Every structure is written in structure tokens, then in C-alpha cells.
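Enquirer: Please find one structure pasted underneath; my questions will follow.
Only the coordinates and a few stated rules stand behind these numbers; no lab work does. Here the structure is a predicted model, which is why all the values come from computation and not from measurement. No Cβ is skipped: glycine too gets one built from the backbone with ideal geometry, and neighbour counts run over all protein chains shown.
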């Protein structure tokens with residue numbers, strides 16, 4: 001068997017695009033809620049490496065390092081010979097010169113996922129999708145929901161800070177800095193004036209007990225289906241957890257999305273957040289992509 005050779009991506013972009021097209025064809029056969037794509041080369045990052053065997057491209061990995069993390073996105077990896085990804089990663093990791101790595105892989109491409117598991121990566125995040133209409137019934141609204149307004153900003157700040165504190169507890173154990181009330185308020189200030197967002201809140205005993213934010217995500221990647229809307233975030237007040245606030249918000253959002261012509265929903269969640277992982281899985285979301293992550297001590 002000819003030996004494996006590693007080349008700069010710039011020398012073999014056409015071959016890498018062909019590998020990506022083959023991968024994406026398999027993805028769409030496994031998951032229909034993916035966008036139609038014809039130009040694959042434009043999605044591939046500028047820098048990376050390609051493995052060839054006998055002059056034929058068999059794997060590539062492309063991405064960039066920023067903020068101490070090297071990231072390969074939805075178009076960052078494909079292979080007809082998944083085992084070769086280990087060799088490509090070995091070269092790319094030296095160029096990136098960081099100790100943290102994240103790669104997005106199709107959930108249906110088990111050989112690719114297994115190749116990175118063998119490189120000591122673990123699953124960190126799931127990008128999920130589902131149809132607006134699902135057989136088997138409709139979500140029940142246990143509480144009343146309504147559109148959020150700027151007057152809800154104090155409640156939003158409280159909910160977001162509560163969620164951040166929850167993320168610091170086990171098993172999530174996030175090390176992200178907790179934001180001040182002023183920082184959260186500043187981030188949310190223009191939300192209700194931006195047509196890309198639709199905000200809902202759920203009340204209990206006259207007070208906001210949870211909220212959900214929908215986002216019209218641009219469909220310019222290998223993930224977002226046509227006529228879809230994204231659940232950007234949702235949070236329930238600690239005092240009201242387990243009382244159906246999240247279910248009510250989700251039912252309200254699904255009904256609104258259906259009335260407004262959307263055909264599918266997307267969401268992403270960290271698998272180590274057990275509440276979110278179980279909630280979205282139970283709401284019928286299927287994994288599109290997995291983000292695998294590795295941090296070298």
C-alpha cells in the first residue's frame with residue numbers, strides 16, 4: 001500500500017471539496033433537514049492539511065486557532081479514509097500551536113467521530129434539528145406565555161445570571177466568568193428592536209419565571225435548513241424548575257413558528273448540561289452535528 005503523504009490544503013482544495021461533497025451527500029441521506037449545497041469549496045476554511053495516498057486525497061482537516069482554541073467548523077473535515085485524520089491532525093496541531101481543539105462532525109458519520117475519539121476528543125455539544133410538525137401529539141402549555149418586552153429586562157438579567165451560576169455547578173463545571181447585571185443588560189438592550197429575534201416569557205404568580213429566545217439564523221452554512229428558526233436560548237427560574245415552564249415556552253414557540261411559516265427548528269446544547277440535553281432530546285430534536293473537544297493539560 002502506498003504511504004500516506006500530508007500536503008497544505010492550498011495545494012489540493014479541489015480534492016478536499018470532493019471529499020466534502022461525498023460526506024455531505026451521505027449526511028443528507030441520513031438527515032433530510034439540511035440545506036441544499038452545490039459549491040463546497042467556498043465553505044472550506046482557508047488553511048489546513050490534506051492527506052493523500054497514491055496521489056489521491058483521502059482526508060483533510062481545516063480550521064484556525066483563535067483565543068487559544070483551534071476550531072474546525074461544519075466544513076472543516078472529511079475523509080474517505082478516516083484513520084488518516086490522525087496523521088493530518090498531528091501536522092495541523094503543530095501549526096496551530098494551542099492546547100485546546102474543537103471540531104464539528106456530522107452525527108451520522110460514525111467513522112469520523114470514532115477517529116477523533118481515538119485522538120482523545122470527547123463530545124461537548126450537539127447541534128439538533130426537528131420538524132415543526134411531529135406525529136405523536138402537541139406539547140401542552142401548562143402556563144401562559146407572551147411576547148417579551150423591554151420592560152422584562154430586569155427579569156431577563158436575573159434569569160441569565162441564574163443560568164450562568166447553574167453552569168458553574170457539577171457536572172457542567174463551566175469556568176466562564178460570571179457576567180455582572182450591567183453586562184447582561186447591555187447585551188440584551190437592543191434585542192426587542194432587532195427583527196432577527198423573537199422573545200417569549202412565561203409567567204407564574206404574576207412574575208416572569210422563564211424565557212425563550214428565537215433567532216432567524218442566516219442560512220449560509222452546511223447546517224441551517226430552509227425556512228427554519230433557531231432556539232437561541234431558554235432558561236427557567238430556579239424557584240420554578242420542574243413546573244412545566246420550559247415545556248410551556250417551547251409549546252408556545254412551536255405554535256408561533258408554525259403560524260409564521262417556519263417548517264423546522266434548530267437548537268444547540270452542551271451534553272454535560274443534563275437538564276438541557278434531556279429536555280431537547282425529549283422534544284424530538286435529532287443530532288445534526290457534534291462538537292468534539294480536547295484540552296491538553
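Enquirer: Report the calculated FRET efficiency for residue 217 and residue 117 (r = Cβ-Cβ distance, R0 = 25 Å), to the nearest 0.05. Let's see the in-between values first.
Expert: Values: r = 28 Å, r/R0 = 1.14.
According to the calculation, E is roughly 0.30.
Enquirer: Put a dot 7 Å past each Cα toward the Cβ at residue 21 and residue 165; how far apart are the dots in nm?
Expert: Going by the 7 Å Cα→Cβ label model, 5.5 nm.
Enquirer: Give the label of the value calculated from the structure for mean projected area of the Cα convex hull in nm², choosing from [x] 18.7; [y] 16.8; [z] 17.7.
Expert: [y]
Enquirer: For the range 145-286, what is Rg from Cα atoms divided by 2.2 N^0.38 Å, rounded to two decimals? Write down the numbers at each step before the final one.
Expert: Working: Rg = 14.9 Å, N = 142, 2.2 N^0.38 = 14.5 Å.
Output field value: 1.03.
Enquirer: Further question: Under a crude label model (7 Å from the Cα following the beta-carbon direction), how far is residue 131 from residue 182 in nanometres?
Expert: Between residue 131 and residue 182, the simple spin-label model gives 5.1 nm.
Enquirer: Picking from 283, 239, 146, which is most flexible by a Gaussian network model of the chain using Cα springs under 10 Å?
Expert: 239
Enquirer: I've got another one for you. May I ask you to sort 92, 162 by Cβ crowding, counting other Cβ atoms within 10 Å and putting the fewest first? Each step should come with its number before you reach the end.
Expert: On the way: 92 23, 162 16.
With the fewest neighbours first, 92, 162 line up as 162, 92.
Enquirer: Picking from 106, 287, 171, which is most flexible by a Gaussian network model of the chain using Cα springs under 10 Å?
Expert: Highest fluctuation among the options: 171.
Enquirer: Kindly express, to the nearest 10 degrees and within the range 0 to 90, the angle between helix 153-167's C-alpha long axis and the longest C-alpha principal axis of the chain.
Expert: For helix 153-167, the angle is close to 50 degrees.
Enquirer: Here's a follow-up. Bin width 5 Å, origin at 0, all Cα-Cα pairs of the range 4-120: what percent of pairs per bin?
Expert: The calculated distribution, bin by bin, is 2, 12, 24, 26, 20, 11, 4, 0.
Enquirer: I've got another one for you. Pull up the DSSP beta bridges for the chain and report the antiparallel fraction as a percent, rounded to 5. Please report the intermediate quantities before stating the final value.
Expert: On the way: 55 of 63 bridges.
Antiparallel bridges make up about 85 percent of those DSSP assigns within the chain.
Enquirer: What spacing in nm lies between the two simple spin-label points modelled at residue 277 and residue 30, each 7 Å away from Cα in the Cβ direction?
Expert: With each label point 7 Å from Cα toward Cβ, the separation is 1.9 nm.
Enquirer: Right, next: Over the Cα atoms of the range 78-163, Rg to Rh with Kirkwood Rh, two decimal places?
Expert: Details: Rg = 21.2 Å, Rh = 17.8 Å.
Checking Rg against Rh, the ratio lands at 1.19.
Enquirer: Then there is this: Taking 8 Å as the Cα distance limit and 6 or more residues as the minimum spacing, I'd like the relative contact order of the chain as a percentage. Walk me through the numbers on the way to the answer.
Expert: On the way: 549 pairs, mean separation 68.0, N = 297.
Result for the chain is 23 percent.
Enquirer: Angle, helix 85-96 long axis vs. longest principal axis of the chain, Cα atoms, 0 to 90°, nearest 10?
Expert: The helix 85-96 is inclined about 80 degrees to the chain.
Enquirer: If contacts are Cα pairs under 8 angstrom and at least 6 residues apart, what is the relative contact order of the range 106-238 in percent?
Expert: Values: 128 pairs, mean separation 27.7, N = 133.
21 percent.
Enquirer: Additional query: Please report the spacing between the Cα centers of the range 212-248 and the range 61-124 in Å, no decimals.
Expert: 27
Enquirer: Out of 102, 75, 46, any idea which swings most in a Gaussian network model of the chain, alpha carbons joined below 10 Å?
Expert: 46
Enquirer: Now for a separate question. Work out how much length residue 174 to residue 90 would gain on full extension: take 0.36 nm times their residue separation and subtract the Cα-Cα distance, in nm to one decimal. Don't jump to the answer; show the numbers that get you there.
Expert: Numbers: separation 84, 0.36 × 84 = 30.24 nm, distance 2.79 nm.
Answer, rounded to one decimal: 27.5 nm.
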